[in-house]
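Reviewing the structure listed below.
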Amino acid sequence: MLTMPPKLTMPPNLLITDDDRAFRETLCDAFAPSGFRTLSARDGAEALEIARDQSVHLLLTDMHMPRMTGLETIRRIRQFVILPCILLSAGLDEGLREEARRAEAFSVLPKPVRIADIRGEVERAMMLTYGWRCGHR
């Protein structure tokens, strides 16, 4: 059963999914001061479990992970909840951009990526989806 975006709670929940633990932790550390509660998953299967058990307001996911790609994670999460999803990929090309568009990803960012660029996309997604400005309560 598909549900609308979860009601915005304070702090909103950002689910960071990447098989690179150091990158995941860097992103968690970068977003916590912006007013987010950060959740992390090692792969898409773990991200699905978290999204089923907790309200998630935004998914930030890597494309290339074991067990399930970032695109598959987006497609499966969007089967039960509508939320903005940002895909990160080191192998970004027009084909992947088109697949991400069909999966209704909010945006796709190339890796390597600057934290400031990720933060900007997350802030834009939160504003457009929930009317929430990062760092403002």
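No value in this document is a laboratory result; all are computed from the given coordinates. If you're wondering where the values come from, they're calculated on a predicted model, not measured in any experiment. Cβ coordinates were reconstructed from backbone atoms using ideal geometry, including for glycine residues, and neighbour counts include every protein chain displayed.
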* Asked: Do the conditions hold for Ala100, that is, is it surrounded by 15 or more Cβ atoms within 10 Å (Cβ to Cβ), among the hydrophobic types (A, V, I, L, M, F, W, C) and part of a helix (DSSP H, G or I)?
  -> yes
* State which residue is nearest to Asp20 (Cα to Cα) when the search covers only region 83-95 and only residues that are more than 12 Å from the chain's Cα centre (by Cα) and not polar (S, T, N, Q). => Ala90
* Asked: Before we move on, is Arg133 charged (D, E, K, R), under 16 Å from His57 (Cα atoms) and more than 16 Å from the chain's Cα centre (by Cα)?
  -> yes
* Restricting region 34-67 to residues that are closer than 19 Å to Pro12 by Cβ and in contact with a Gly (Cβ under 8 Å, 6 or more places away or on another chain), which is surrounded by the most Cβ atoms within 10 Å (Cβ to Cβ)? -> Thr61
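Tell me the residue from Ala125, Ala105 that is closer than 24 Å to Pro11 by Cα, assigned to a helix (DSSP H, G or I) and either within 14 Å of the chain's Cα centre (by Cα) or among the charged types (D, E, K, R) (or both), please.
Ala125
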* Asked: Considering Arg24, Arg52, Arg42, which residue is closer than 21 Å to Arg119 by Cβ, among the basic types (Lys, Arg) and without any contact (Cβ under 8 Å) to a residue 60 or more places away in the chain?
  -> Arg24
